[in-house]
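Accompanying notes for the structure given below.
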Amino acid sequence: MRIPRSVLVAAAALLVASGSSAQQDILDANADMNSDAAAVDPISAVPVGFFNMGRGRVVPITSSEYESIERGEWPNASEPGEELNPDVAAPAFGAAAVISEDEKNSVLNAHNTLRAKHGAPALTWNTEAAKYGDNWLQSCKFEHSFGKYGENLAAGHKDFPSTVQGWYNESKDYKFNDPGFFMRTFHFTQLVWKSSKTVGCAKKVCPTWTMYICEYDPPGNIASIDNSYFTKNVLPLGTKA
């Protein structure tokens with residue numbers, strides 16, 4: 001299946017430069033999971049949500065195409081989830097809730113409390129995104145899904161609030177006077193990305209640890225030469241909505 005130009009790519013140039021490092025980090029994480037002496041310290045996966053590893057390339061997107069996606073429109077792709085990852089079959093979604101109502105409320109509250117600190121509007125729950133993430137976690141592989149959503153992935157935390165807080169803690173390394181995509185802060189930037197409107201999360205108790213995943217729509221971490229998307233969407237602490 002051909003990948004259309006409307007496919008969204010996070011930090012194309014940066015991921016090209018760091019792709020081998022990103023892949024090695026995933027391999028290291030998987031090796032740790034399969035080791036008898038594996039550590040269970042909380043970790044988060046490297047960002048490959050819009051980088052098609054199987055084809056070994058990234059696909060650029062124009063500003064007008066991203067603006068249409070921000071409005072919920074996916075040009076030239078009736079099934080964007082399949083188009084974004086043509087090498088993986090689309091998941092079969094069930095009707096059951098992915099996590100409990102209490103967990104859903106806790107993950108929304110954790111996100112929205114932190115987003116409010118940066119002038120970002122509250123997220124609402126996305127059931128289909130949660131089911132997508134739940135389907136992806138069933139294999140217990142610590143890897144990103146290459147799907148249509150912005151994606152944060154972590155393992156080893158005790159619950160959703162501590163997971164979200166762990167992602168947010170990367171903010172201490174983010175330089176608002178030099179905005180952009182950085183490997184050490186991409187979870188934070190997706191978390192507070194102003195243009196993201198919905199989130200769906202899931203968890204899976206695996207043999208080594210519990211894995212947590214959150215899927216964001218529209219996705220964040222969109223790079224450009226002037227980093228204007230980061231300037232617009234990742235706002236300093238204390239910004240008012």
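The values are calculated or read from the model by the stated rules, or taken from the named source; none is laboratory data. What you see is a predicted model; the values in this text were computed from it and never measured. With ideal geometry, Cβ positions are generated from the backbone for all residues, glycine too; neighbour counts draw on all protein chains shown. Please note that ligands, DNA and RNA were not included when accessible areas were found on the heavy atoms of the full protein model with its side chains. Shrake-Rupley method; radii C 1.70, N 1.55, O 1.52, S 1.80 Å.
Summary table below
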quantity	calculated
Surface per residue (accessible, 1.4 Å probe) for the range 161-241, Å²	41 Å²
Accessible area of the range 98-158 divided out per residue, in Å², using a probe of 1.4 angstrom	39 Å²
Considering only the range 125-241, percent of DSSP beta bridges that pair antiparallel, nearest 5	95 percent
Other-chain or far-sequence residues with amide H under 5 Å of residue 198's (modelled H)	124, 217
Relative contact order for the range 134-215, counting Cα pairs under 8 Å that sit 6 or more residues apart, in percent	46 percent
Unsatisfied cross-links (Cα-Cα over 23 Å) in the set 104/131; 117/175; 158/204; 117/232; 172/194; 131/240	131/240
Per-residue HN-Hα couplings for the range 195-202 [Karplus 6.51, -1.76, 1.60; θ = phi - 60°; Hz; x = Gly/Pro]	6, 5, 10, 9, 8, x, 10, 8
With DNA, RNA and ligands ignored, accessible area of residue 144 (1.4 Å probe; Å², nearest 10)	0 Å²
Simple spin-label estimate for residue 116 and residue 143 in nanometres, 7 Å along Cα-Cβ	4.0 nm
